[in-house]
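Structure, as structure tokens:
Derivation of every value follows stated rules applied to the coordinates shown; laboratory data play no part. Just so it is clear, the model here is predicted, and its values are computed rather than measured. Don't worry about glycine lacking a Cβ; one is built from the backbone with ideal geometry, like all the others, and counts go over all protein chains shown.
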Amino acid sequence: MTATRHGRRPPVSWLAVRPEGLLVVPAGVFVDPLRAVDRALVTHGHADHARPGSAHVGATEETLAIMRARYGAAAGGRLEPFAWGETRSLGGVDITFRPAGHVLGSAQIVLEHAGTRVVVTGDYKRTADPTCRGFEPVACDVLVTEATFGLPVFRHPPPAAEVAKLLDSLRLFPERAHAVGVYALGKCQRLIALLRAAGYDRPIYLHGALVALCELYEAWGVSLGPLLPASAAAKADLAGAIVLAPPSALADRWARRLPDPVVAAASGWMRVRQRARQRGVELPLVISDHADWPELLATVEDTDPAEVWVTHGREDALVHAVRQTGRAARALALVGFEDEPE
Ligand SMILES: [Zn+2]
Ligand SMILES: [Zn+2]
């Protein structure tokens with residue numbers, strides 16, 4: 001591997017971009033394919049990475065459990081779990097899953113073939129998160145990285161400070177429900193864990209769409225404390241309570257049951273004030289499950305690749321910044337990854 005470091009373009013003709021996504025040619029396997037294929041490797045359970053219906057699906061046990069919870073029998077034909085750090089060979093390609101720190105089960109996929117090591121990060125973050133395994137930088141020749149927040153303006157504040165804003169507001173408005181928009185996989189459980197770490201031990205009320213994945217996290221050993229269904233609560237019980245719901249539910253009729261709600265949202269996008277305003281968010285909480293700009297750059301330094309491929313997000317700024325470090329970089333034109341629900 002060292003022979004290919006710095007200056008020389010590594011021989012990675014064995015990876016190809018196809019309409020279905022990134023193909024590992026000798027193994028005949030796609031990483032996070034955009035539609036059902038014969039063989040898929042899946043980095044994590046978010047819907048734009050984990051699509052149902054592939055004949056063979058390789059992923060961590062946790063990710064496969066999330067896919068089963070979301071898709072049932074349609075998750076895939078054969079679900080093939082990879083243990084953390086276990087290496088398996090397929091068509092002469094060694095495949096290993098290493099933690100990505102994004103959500104429960106989220107992995108980077110390490111691919112080794114013909115003396116070259118490629119790391120596909122999937123979505124990742126490097127900030128500590130008690131609900132999943134922490135990101136491990138893996139030295140490589142080619143780093144295929146996400147860039148959801150790939151602009152210098154994106155610097156996520158410490159999550160504990162954002163949670164303190166929510167708890168301050170609760171003290172200030174003890175009669176108002178505090179309704180926080182969170183996505184069901186990852187953000188919901190992380191926000192609960194952050195609240196528990198800050199000493200908040202009262203029941204937290206959940207929209208029905210969040211219950212199943214909270215139970216799944218609990219089953220995987222992530223303690224979330226007392227949780228109650230919001231639908232079964234009397235309106236008076238929700239005064240001064242924290243209620244978590246998908247962002248879409250807070251914008252529709254569902255929110256009318258809440259007493260004088262303070263509408264909050266936990267997302268990296270809350271850094272963009274205009275987005276918060278557009279969504280009617282009174283209390284924006286900048287809590288992200290993606291690497292911010294300094295984390296993206298630190299990952300390039302730590303993994304020390306000769307070449308960086310930037311997948312979804314804001315590719316251009318990161319490509320430019322990587323080239324300034326003397327490395328080759330290019331944007332991979334993979335379509336189908338939305339503005340990450342985050
Ligand atoms: Zn994701
Ligand atoms: Zn993503």
Any idea which of Val243, Val262 is more than 16 Å from ligand 1 (Cβ to nearest atom), surrounded by fewer than 21 Cβ atoms within 10 Å (Cβ to Cβ) and touching a residue at least 40 places away in the same chain (Cβ under 8 Å)? Val262
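Among the candidates Glu146, Glu175, Glu136, single out the residue that is among the acidic types (Asp, Glu) and under 19 Å from Ala230 (Cβ atoms).
Of Glu146, Glu175, Glu136, the one residue that is among the acidic types (Asp, Glu) and under 19 Å from Ala230 (Cβ atoms) is Glu175.
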Consider region 302-317. How many of its residues are in contact with a helix residue (DSSP H, G or I) (Cβ under 6 Å, 6 or more places away or on another chain) and either assigned to a loop (DSSP other than H, G, I, E, B) or within 16 Å of ligand 2 (Cβ to nearest atom) (or both)? 2
Going through Leu172, Leu185 one at a time, which residue ends up being surrounded by fewer than 23 Cβ atoms within 10 Å (Cβ to Cβ) and out of contact with any strand residue (DSSP E or B) (no Cβ under 7 Å at 6 or more places or on another chain)? Leu172
Would you check if Thr131 is under 17 Å from Ser288 (Cβ atoms), among the polar types (S, T, N, Q) and in a loop (DSSP other than H, G, I, E, B)? yes
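Having 3 or more residues that are away from ligand 2 (no atom under 16 Å from the Cβ) is the bar; report the strands (runs of 3 or more DSSP E) wholly within region 35-88 that clear it.
Passing ranges, in order: 54-60, 76-82.
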Select from region 275-301 the residues that are out of contact with any helix residue (DSSP H, G or I) (no Cβ under 7 Å at 6 or more places or on another chain) and within 16 Å of ligand 2 (Cβ to nearest atom) and list them in ascending order. Asp292, Glu295, Thr299
Quickly run through region 80-108 and pick out the residues that are within 15 Å of the chain's Cα centre (by Cα) and crowded, with 20+ Cβ neighbours inside 10 Å. Ala100, Gly101, His102, Val103, Leu104, Gly105, Ser106, Ala107, Gln108
Within region 113-141, track down each residue that is buried (at least 24 other Cβ atoms within 10 Å of the Cβ) and aliphatic (A, V, I, L, M). Val118, Val119, Val120
Could you tell me whether region 24-32 includes any residue that is within 16 Å of ligand 1 (Cβ to nearest atom), in contact with an Asp or Glu (Cβ under 9 Å, 6 or more places away or on another chain) and touching a residue at least 40 places away in the same chain (Cβ under 8 Å)? yes
Quick check on this structure: which one of Ala179, Ala209, Ala198, Ala219 is more than 21 Å from His102 (Cβ to Cβ), surrounded by fewer than 17 Cβ atoms within 10 Å (Cβ to Cβ) and either of a type in the set (Gly, Ala, Ser) or in contact with a Gly (Cβ under 6 Å, 6 or more places away or on another chain) (or both)? Ala198
